[in-house]
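Take a look at the structure below.
Values quoted throughout were computed directly from the atomic coordinates according to the rules given, and no laboratory measurement underlies them. Keep in mind the model is a prediction, meaning the values are calculated, not measured. All Cβ positions, glycine included, derive from the backbone under ideal geometry; neighbour counts span all protein chains shown.
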Amino acid sequence: MHISSPLVNRAQTMDLPRSTWKAELSLRFRHVAERSVLAERLHYGPLMVQKPLYPEGPNVCHAIVIHPPGGIAGGDELSLVMGLDAGAHALVTTPAATKWYKAGDGVSRQDGTFTVADGAVLEWLPLENIVFDAAQAAMTWQVNLSHTAVFAGWEITCLGRRAWGETFATGKLRQATRIFRNDIQVWGDHVALDGQDPLMTSIVGLRNACVFGTMVIAAGAVPAEVLDRCRTIAPADGAGSGVTALPEIFAARYLGDSAERAKAYFADLWAILRPWYAKRAAHRPRLWDT
C-alpha cells in the first residue's frame, strides 16, 4: 500500500484573523533496509516535529510533535496527518501537556488523520490535554488501518485546573475518535460535555472527577492470558478504571483526578500489551520522565 502525503494548503490561512493560528503537519514513515525512517515532513504554522530518535534500535522511529506557542486559543486550528508505509513502526508523542485556553466566541480545533499500511505499527501516545474553564475545544481523530496494520493510542483529558481552584464550569468539549479497518468502522468514541452538564457530576457520568482517559489498541483479538494480566492492573490512586476486549479492539478507561496517575496506569498496560501487538518490549520515551 502506498500512502501519499497531502499538500499543505497555505491559501486557507489568508482569511484568518492574525490573533488565530492555523497549523498543519504531515508526516510519512517508511521501512527502508530494516530501518523505520521519517521519509517526509511538511509543516505550515507552529506545528512541527523534532529530529527522529532511535532509543530502541533502528526498527522503531520515535518522533516528538511540538507546538511552540504552548497552547491552543480560541479560533486556532491544528491538523496532524501521519502515514505509515508497509512495515514501518513509529512511536509519536508530545513533550508537554496541550493547553486549551479560554476561547471567547471562537472554537479551538485539533484534527488528526492517521493511515497505516499492512505490517506497520503506529503508536500515538501524547501527554494530556488540559481544557481551561471557558474553553471551546473540539478534537477529532480518524485512524485508517489496512488488513494487518496496528494502532495503539491514548487520550487523557483534564477539565479545568483544580490545583488553581479552577473548575470546568462554562466551557465546551467535543471529542471524537474513529478507527476503520479496510474502510469498515471498528471503533467509535464520542464525548460531548458542557460545563453545566449534569453528566459532570452524575454517577453515570464523570462523578465529579476532573480527569478521564481512554487507551485503545487495534490489533485484533487480545490473547486471554494478556487480557487477564491487564485486569490485574489498577491506577495507584484508586480511581475508576476498567478494560474491555472486543473482536478488533482492546480498550481501557481511567476516571479520576490525576493526569499523572492516568498516564502511569496506561503505561503499565502498555508494558503488558506491547510484546503482544508489536513483538517487542515497552521502551518508555525519556521525556515522559522529565
Taking the options ALA271, ALA282, ALA236, ALA267, name whichever one is under 26 Å from PRO95 (Cβ atoms), over 16 Å from the mean Cα position of the chain (by Cα) and part of a helix (DSSP H, G or I). ALA271
Within the bounds of the stretch 148-157, is there any residue that is in contact (Cβ under 8 Å) with a residue 12 or more places away in the chain, in contact with a Pro (Cβ under 7 Å, 6 or more places away or on another chain) and among the hydroxyl-bearing types (Ser, Thr, Tyr)? no
Hits in the stretch 194-219 (condition: outside any loop (DSSP other than H, G, I, E, B) and either among the charged types (D, E, K, R) or on the phi > 0 side of the Ramachandran plot (or both)): ASP194
Contact list please: Cβ distance under 7 Å, first residue in the stretch 268-287 and at negative phi, second residue in a helix (DSSP H, G or I) and of a type in the set (Val, Ile, Thr), pairs at least six apart or on different chains. ILE272/VAL226; LEU273/VAL226; TRP276/VAL226
Report the residue count in the stretch 132-171 for those that are under 19 Å from VAL191 (Cα atoms), not hydroxyl-bearing (Ser, Thr, Tyr) and not in a loop (DSSP other than H, G, I, E, B). 13
Where in the stretch 30-111 are there strands (runs of 3 or more DSSP E), lying wholly inside it, with at least 1 residues that are over 25 Å from ALA259 (Cα atoms) and within 14 Å of the chain's Cα centre (by Cα)? 77-84
On the basis of being touching a residue at least 40 places away in the same chain (Cβ under 8 Å), at positive phi, of a type outside the set (Asp, Glu) and touching a strand residue (DSSP E or B) at 6+ places or on another chain (Cβ under 9 Å), does GLY160 make the cut? yes
Can you list residue pairs whose Cβ atoms sit under 8 Å apart, with the first residue in the stretch 207-235 being more than 12 Å from ALA262 (Cα to Cα) and the second being part of a loop (DSSP other than H, G, I, E, B) and polar (S, T, N, Q)? Count only pairs 6 or more apart in sequence or on different chains. ARG207/THR201; ASN208/THR201
Condition check for PHE180: surrounded by 21 or more Cβ atoms within 10 Å (Cβ to Cβ) and farther than 21 Å from ALA137 by Cα: no
